[in-house]
Amino acid sequence: MDRILLVDDDVLILQALSRILEAEGYEVIAHDDPLAATNEKNYVAVITDFMMPGMNGIELLSAIRKSNPQAVRVLLTAAGDFKIASEAVNRGEVYRLLGKPWAVPDLTSCVRQAVEHYHLVEENARLSQELAGKNEELTRINRNLERIVVERTNGLLEGMISALDYRDTETQWHSRRVSLYSRRIAQEIGLTGNELDVVEQGALLHDIGKIGVRDSILLKPGPLTAEEWSEMRQHPEFGYRMLAKMPYLHEASLVVLQHQERYDGHGYPQGLKGKQIVIGARVFAIADTMDAITSDRPYRKGRAQSVANEEIKRCCGSQFDPDLVDAFVQIPDADWIEIRRTVEGLEADEVKKWGAPPPRASPRPVSYRIPESGMAKLASGKH
């Protein structure tokens, strides 16, 4: 039962108010002393007279607002006191004004609305607290889901790369190096968060479409025929079709599709030019060439980082985005050395765990890129 606090120095008014509200089903607490009324607790609404000795109604409601802020505060006031009471309403001490003398329907309607307001505020507070708890729980669940998705995505990517490694061991650690090189270049141009992850994932998976290329072509020790070369050039599209339907890899799949495009438009499969090529593929082109030049191949030793730097600068504007080349040359050589050491450590751990991988039957120093002049052709190797 909802409790109503009544305060009026006129005992007869208190009795009349009590009878009306008790008939409406409320429990009534009546006080003719406002000071004593301030000690009451656990009521949903208070109705008080304005003019009382010792403490007027506004002072009483101000005190109650501090001690029982949830209680709905109603002031009984005569016409002559209305201006003062209105100021109290504006200051927030009073929820409603009720004229004196009152009409019973107005009184009961006012109290009913006050009680409903109390319960609405109480329910809102309960729901807000419950919602805050649910949000906290959802946040925790989402964090766990994100962690699980990241773990499973990384596991899937590793599985895909391993599947390709088993077919083409010559490039076993190439994908891991270029993914980290690409991430470092992307950091240099200011990419963060998901954009950075997309660049790294796309670079890691750039050659995944070679899984769809026949072994007789992929592992052929000699030069490819025109027909075989045509099939090999489809590997970006093979890779894109493998990844594009996975929502969390869709953006990375565009890097895979476009990783053989050139800034001057002479790449494949679509002949895209300039900024038509996604940023991840433009970043990858630099990372891939650097790795091809600096890494050992069965048919030649890796060259110095300075050679890679000069070749990338030479191909600025043709093969590579000039803005990205400008960013690339700002990165200290020590960063590339550190990345190579990191991957070498991973490779050493892998060999220790599983044993050395079987050697390739015969190395094949041919280019899968569109033919280029100078060092870039030699650098491109088979990637």
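Yes or no, residue by residue, for (1) closer than 30 Å to D10 by Cα; (2) modelled with pLDDT under 90; (3) not assigned by TED's automatic domain parsing to the domain that holds D288:
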position	(1), (2), (3)
V94	yes, yes, yes
N142	no, yes, yes
N154	no, yes, yes
S162	no, yes, yes
S182	no, no, no
I189	no, no, no
V198	no, no, no
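Within the stretch 271-296, track down each residue that is more than 32 Å from the chain's Cα centre (by Cα) and either surrounded by fewer than 16 Cβ atoms within 10 Å (Cβ to Cβ) or not assigned by TED's automatic domain parsing to the domain that holds N194 (or both).
G271, D296
Since L243 meets every condition but one in (1) in contact with a Ser or Thr (Cβ under 9 Å, 6 or more places away or on another chain); (2) surrounded by fewer than 23 Cβ atoms within 10 Å (Cβ to Cβ), which condition does it not meet?
With respect to (1) in contact with a Ser or Thr (Cβ under 9 Å, 6 or more places away or on another chain); (2) surrounded by fewer than 23 Cβ atoms within 10 Å (Cβ to Cβ), L243 is out only on (2).
Which of the residues that make up the stretch 297-326 are surrounded by 15 or more Cβ atoms within 10 Å (Cβ to Cβ), free of Cβ contacts under 8 Å to residues at least 60 places away in the same chain, among the hydrophobic types (A, V, I, L, M, F, W, C) and over 16 Å from R183 (Cα atoms)?
I312, C316, F320
Checking the structure you have, find out if any residue of the stretch 220-239 is within 21 Å of R183 (Cβ to Cβ), in contact (Cβ under 8 Å) with a residue 60 or more places away in the chain and in contact with a Pro (Cβ under 6 Å, 6 or more places away or on another chain).
No: zero hits.
Which of the residues belonging to the stretch 52-63 are more than 16 Å from L17 (Cβ to Cβ), hydrophobic (A, V, I, L, M, F, W, C) and either part of a loop (DSSP other than H, G, I, E, B) or not assigned by TED's automatic domain parsing to the domain that holds I13 (or both)?
Selection gives M55 alone.
Which ranges mark the helices (runs of 4 or more DSSP H) fully within the stretch 210-273 that have 1 or more residues being within 30 Å of V149 (Cβ to Cβ)? Before the answer, list the steps.
On the way: elements: 215-218, 226-232, 235-243, 250-258.
Qualifying helices (runs of 4 or more DSSP H): 235-243, 250-258.
Limited to the stretch 1-15, what total is found for residues that are in a helix (DSSP H, G or I) and crowded, with 17+ Cβ neighbours inside 10 Å?
Number of matching residues: 2.
Taking only the stretch 182-220 into account, find how many residues are under 15 Å from M160 (Cβ atoms) and either crowded, with 16+ Cβ neighbours inside 10 Å or in contact with a strand residue (DSSP E or B) (Cβ under 9 Å, 6 or more places away or on another chain) (or both). Let's see the steps before the verdict.
Of the residues in the stretch 182-220, the ones under 15 Å from M160 (Cβ atoms) are 200-213.
Then keep just the ones that are either crowded, with 16+ Cβ neighbours inside 10 Å or in contact with a strand residue (DSSP E or B) (Cβ under 9 Å, 6 or more places away or on another chain) (or both); that gives 200-211, 213.
Going through the stretch 182-220 one residue at a time, the tally reaches 13.
The values are calculated or read from the model by the stated rules, or taken from the named source; none is laboratory data. Quantities reported herein were computed from a predicted structural model and do not represent experimental measurements. Note that each Cβ is placed from the backbone with ideal geometry, even for glycine, and that neighbours are counted across all protein chains shown.
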